[in-house]
Amino acid sequence: MTAVVIRDLADEEAADLGRLLVAVYSGLDGFPGPHEQPAYYDMLMRIGEFTRRRGVRVLVAAGPDAQLLGGVVYFGDMREYGSGGSATRVTGASGIRLLGVAPGARGKGVGKALTLACIDLARSAGHAEVVLHTTQAMGTAWALYERLGFARSADLDFLQGTLPVFGFRLRLAGSDQGAGVHAESIAPDDEGADGLARLLASLQPTLNPGLFVFVRVDALSDAEALDALAVFREAEGMTAVVPEPQARRAGLAGFTAAWITLAVHSDLQAVGLTAAFSRALADAGIACNVFAAIHHDHVFVPAERGVDALACLRALQRNARVRGEPGASSEHALPQ
């Protein structure tokens, strides 16, 4: 898979993403062209306007040179979904629309990374499922969705003019516990192998859209002006972690990172969690910087390794769950 960063669309990129999506969709065999459905392609060209809707985010995949490789629209409120059929009446769900990948970036995991980012947002929102639509002309996307666990849901089907559009749903595991968010809280008296194993089994890593830059600032007011996510004061000066667009506009440079949140709710005195996941990342050759907040741990990794780090942490959680199943050997309760 090519190095890819998933982040929110920048305002100045909206026109470029619109043109990319128009080129992608108009190039699909068997899909209506701009002359057949002009309103649809006008919507693609104005893709940036989706960000004005409640609960909607336009995500992009950017390559090593910041070039746009693809994009997708995530709907945290299905009332804003805007398709035909019954999808806008679905509750407790997130939606995905308008996934598109540049021709030169296909087959490199870009579409999968964008889709997984939307699924992570749905989990973070505590939603029970993810809804999307596709057509027979979009065979590559159809196959991707099925590989990721989406299943056909005929009740969501509709006609776009004369074009059949097919609905899919992905049921999110643990949705009866708020999609895994805050699924486990480990207190200091749960320390030891069993407590750490339960923490790892409930890790729930989520890759947050966007990039963040570690910069030096002179005063707290400077950090606030940059919409800093976090600030740390040292004897040598003050470090702020700020969204990449704000750092770029201010002419500031520094370590640029992807931000992963571990949704498990661990006590600040819990022993071994940071060591376990940082060791897993180190074994994969991924550097990490950790902020331990009151509710969750937050992991910052090199921007180009965000998707790789997410996969690594998911594997750590999956392995911990398997080792915790009845009959599993207790000597393998922790990663070796």
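Which of the residues belonging to the stretch 59-74 are over 10 Å from VAL110 (Cα atoms) and either in contact with a Pro (Cβ under 8 Å, 6 or more places away or on another chain) or crowded, with 23+ Cβ neighbours inside 10 Å (or both)? Answer for the stretch 59-74, where residues must be over 10 Å from VAL110 (Cα atoms) and either in contact with a Pro (Cβ under 8 Å, 6 or more places away or on another chain) or crowded, with 23+ Cβ neighbours inside 10 Å (or both): LEU59, VAL72, VAL73, TYR74. With the condition kept exactly as written, say whether any residue in the stretch 118-125 is under 18 Å from the mean Cα position of the chain (by Cα), free of Cβ contacts under 8 Å to residues at least 40 places away in the same chain and either assigned by TED's automatic domain parsing to the domain that holds PRO34 or outside any helix (DSSP H, G or I) (or both). No; the residues of the stretch 118-125 include none that is under 18 Å from the mean Cα position of the chain (by Cα), free of Cβ contacts under 8 Å to residues at least 40 places away in the same chain and either assigned by TED's automatic domain parsing to the domain that holds PRO34 or outside any helix (DSSP H, G or I) (or both).
The rows are residues; the columns are (1) touching a strand residue (DSSP E or B) at 6+ places or on another chain (Cβ under 9 Å); (2) in a strand (DSSP E or B).
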position	(1), (2)
GLN136	yes, no
THR140	yes, no
GLU146	yes, no
GLY149	yes, no
ASP155	yes, no
PRO164	yes, yes
ARG169	yes, yes
ALA173	no, no
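Taking the conditions exactly as written (in contact with a strand residue (DSSP E or B) (Cβ under 7 Å, 6 or more places away or on another chain) and either at pLDDT below 90 or not in a strand (DSSP E or B) (or both)), does ILE260 satisfy them or not?
no
Residues in the stretch 198-212 that are hydrophobic (A, V, I, L, M, F, W, C), touching a Lys or Arg at 6+ places or on another chain (Cβ under 9 Å) and either closer than 13 Å to VAL299 by Cα or without any contact (Cβ under 8 Å) to a residue 12 or more places away in the chain (or both): LEU203, LEU211. Residue count for the stretch 49-82 satisfying the condition of being touching a residue at least 40 places away in the same chain (Cβ under 8 Å) and either out of contact with any strand residue (DSSP E or B) (no Cβ under 6 Å at 6 or more places or on another chain) or not assigned by TED's automatic domain parsing to the domain that holds GLN160 (or both): 1.
Based on this model, can you work out whether VAL299 counts as among the β-branched types (Val, Ile, Thr), outside any helix (DSSP H, G or I) and at pLDDT 85 or above? Full working, then the answer.
On the way: among the β-branched types (Val, Ile, Thr): yes; outside any helix (DSSP H, G or I): yes; at pLDDT 85 or above: yes.
Yes, satisfied.
If you go through the stretch 30-74 and keep only what is within 15 Å of the chain's Cα centre (by Cα) and closer than 22 Å to GLY161 by Cβ, you end up with just VAL73.
Residue pairs whose Cβ atoms lie under 7 Å apart, separated by 6 or more positions or on different chains, with the first residue in the stretch 224-235 and in the same structural domain as PHE212 (by TED's automatic domain parsing) and the second assigned to a loop (DSSP other than H, G, I, E, B) and surrounded by fewer than 16 Cβ atoms within 10 Å (Cβ to Cβ), are LEU226/ALA250. When each of SER221, SER185 is tested for being modelled with pLDDT of 90 or more, among the polar types (S, T, N, Q) and either crowded, with 16+ Cβ neighbours inside 10 Å or over 21 Å from the mean Cα position of the chain (by Cα) (or both), the lone residue that passes is SER221.
Residues that are buried (at least 19 other Cβ atoms within 10 Å of the Cβ), among the charged types (D, E, K, R) and in a helix (DSSP H, G or I) within the stretch 7-26 comprise just one, GLU13.
The values are calculated or read from the model by the stated rules, or taken from the named source; none is laboratory data. What you see is a predicted model, and the numbers here were worked out from it, not measured in a lab. Here Cβ is always computed from backbone atoms with ideal geometry, including for glycine, and neighbour counts include all displayed protein chains.
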